[in-house]
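Everything below concerns the one structure shown next.
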Amino acid sequence: MRHVMSRLLALALLALCALGLAGCAAKAPGTAQSALVVGFSQLGSESGWRIGNTASMEQAAERWGFGLMMDNANQRQDKQIAAIRSFISYQVDVIVFSPIVETGWTNVLTEAKKAGIPVIIMDRMIETDDDGLYTAYIGADFLAEGRRAGEYLLKKADAMGAEHLNVVEITGTEESTPMRERQAGFMQAVDGDVRISVIERVSGDFLRSKGEECMRYLLKKYGADGIDVVYSHNDEMTLGALDVLEAAGINPGKDIVLISVDGQQEAVDALKEGRINCIVECTPDLGENVMRMVDALSRGEEIPKQNHPEETVFTEFDDLSGLAPRGY
Ligand code: GZL
């Protein structure tokens with residue numbers, strides 16, 4: 001898959017990795033073949049979910065004996081693009097990246113394609129009508145996640161005997177796949193039900209601090225009596241909203257219904273305490289499947305284009321006593 005010169009360069013890179021400069025875990029140089037090198041552009045460290053996802057990738061690379069060149073873009077698309085270009089110049093074996101937003105990737109992915117380097121898109125997706133720009137996608141079915149949130153709310157409305165529920169939505173990063181599709185999936189589930197009205201959507205950018213700001217703004221605008229349900233696109237923003245509600249003397253989970261997404265331990269603990277009503281699971285544990293795909297590609301095997309992990313939903317109606325620790 002590489003020319004001799006680039007192999008020498010790659011071995012030099014692995015030597016750097018061996019110094020821990022990039023957290024590589026490669027086979028000792030001089031083995032039958034130098035370890036595969038994966039270039040990984042991670043979008044940031046904005047949530048417990050993201051940190052869990054990064055750990056999943058690092059641990060899986062270690063288990064498979066692959067070199068991992070990881071760059072953390074700290075929420076900046078331009079840094080992701082620069083990192084992918086550096087992976088191309090190093091001639092890594094495979095590029096993996098989680099696109100912070102859906103657009104703006106065509107040029108750099110075209111460069112990777114011309115360099116003959118397979119690209120695996122992980123977690124979030126890109127907007128493109130040319131699926132030749134990437135080899136495979138692995139990540140959640142975000143539409144299904146949104147539908148699960150909406151289906152829970154309909155069940156909750158039945159249980160409450162509610163005639164009408166005002167919903168406020170705290171959304172994730174604008175123009176990202178999880179934000180768009182968690183919103184669309186939720187509306188697919190509730191749109192036909194006259195009891196449900198989404199009265200406002202505000203962007204919390206998947207950040208706890210912005211989740212707090214959003215909740216403070218919504219509470220000031222509508223008052224506790226004007227909001228029946230908060231639908232938040234991730235646990236970090238939900239946990240920020242919880243702090244604001246409780247500081248205002250409101251009992252979240254009772255006075256106001258809280259619906260969240262991800263399944264971070266801190267949020268699951270709040271669900272068990274009755275402070276959150278529903279958490280739609282979004283697993284960050286994608287690393288093992290990614291590295292299995294890398295291994296298959298290195299052996300010239302075909303891999304499926306679309307890959308979705310199994311996910312579930314945790315609600316106040318479930319017995320969660322046996323739920324294993326979440327690990328993120
Ligand atoms: C979803 C992922 C989202 C998480 C957030 O797959 O992209 O980004 O739901 C994270 O916690 O910030």
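What pairs in Lys210/Lys272; Lys79/Lys210; Lys220/Lys272; Lys155/Lys210; Lys79/Lys220 have C-alpha atoms more than 26 Å from each other?
Over 26 Å apart, Cα to Cα: Lys220/Lys272; Lys155/Lys210; Lys79/Lys220.
Accessible area ranking (1.4 Å probe, heavy atoms, ligands and nucleic acids excluded), largest first, for Ser197, Ser98: Ser197, Ser98. Neighbours of Thr110 by Cβ distance under 12 Å: Lys/Arg scored +1, Asp/Glu scored -1, total +1. Relative to the longest principal axis of the Cα atoms of the chain, helix 48-64 runs at roughly 30 degrees. Taken along the Cα-to-beta-carbon direction at a fixed 7 Å, the label points for Asp243 and Arg195 span 3.3 nm. Here's how it looks for Val198: its modeled amide H is under 5 Å from those of Val167, which are all 5 or more places away or on a different chain. Among Ala140, Ala35, Ala241, the residue with the largest mean-square fluctuation in a Gaussian network model of the chain, with springs joining Cα atoms closer than 10 Å, is Ala35. Close amide-amide hydrogen proximity is noted between Val261 and Asn234, Asp235, Val280, each under 5 Å apart and 5 or more residues distant or on a separate chain (H modeled in the peptide plane; Pro and chain starts excluded). Under a model in which nothing but the beta-carbon of Lys, Arg (+1) and Asp, Glu (-1) is charged, the chain shows a dipole of about 1160 debye around its Cα centre. When nucleic acids and ligands are ignored and a 1.4 Å probe is applied, Arg85 ends up with an accessible area of around 100 Å².
Find the Rg to Rh ratio for the stretch 142-282, where Rh is the Kirkwood radius over alpha-carbon pairs and Rg uses the same atoms.
Radius of gyration over Kirkwood radius for the stretch 142-282 works out to 0.92.
Build a GNM of the chain with springs between Cα atoms under 10 Å apart, and of Arg76, Arg299, Arg208 the one that fluctuates most is Arg299. 3J(HN,Hα) along the stretch 308-320, derived from phi through the Karplus expression 6.51 cos²θ - 1.76 cosθ + 1.60 where θ = phi - 60°, amounts to 10, x, 6, 9, 9, 9, 10, 10, 4, 7, 9, 8, 9 Hz, with x in place of Gly and Pro. For the chain, the longest principal axis of the C-alpha atoms and the axis of helix 142-160 are separated by about 20°. Normalised by 2.2 N^0.38 Å, with N the number of residues, the alpha-carbon radius of gyration of the chain equals 1.08. Taking K and R as +1 and D and E as -1, what net charge do the other residues with C-beta under 10 Å from the C-beta of Ser98 add up to? So the surrounding residues net to +1. Projecting the Cα atoms of Gly161, Ser197, Val230 onto the charge dipole of the stretch 142-282 (Cβ charges, centred on the Cα centre) puts Gly161 farthest toward the positive pole.
Rounded to the nearest 10 degrees, the angle from helix 235-247 to the longest Cα principal axis of the chain is 30 degrees.
The values are calculated or read from the model by the stated rules, or taken from the named source; none is laboratory data. Computed from a predicted model, the values in this text were never measured in an experiment. Reconstructed Cβ throughout: ideal geometry from the backbone, glycine too, with neighbour counts over all protein chains shown. In case anyone asks, the SASA skips ligands and DNA or RNA and just uses the protein heavy atoms, side chains included. Shrake-Rupley method; radii C 1.70, N 1.55, O 1.52, S 1.80 Å.
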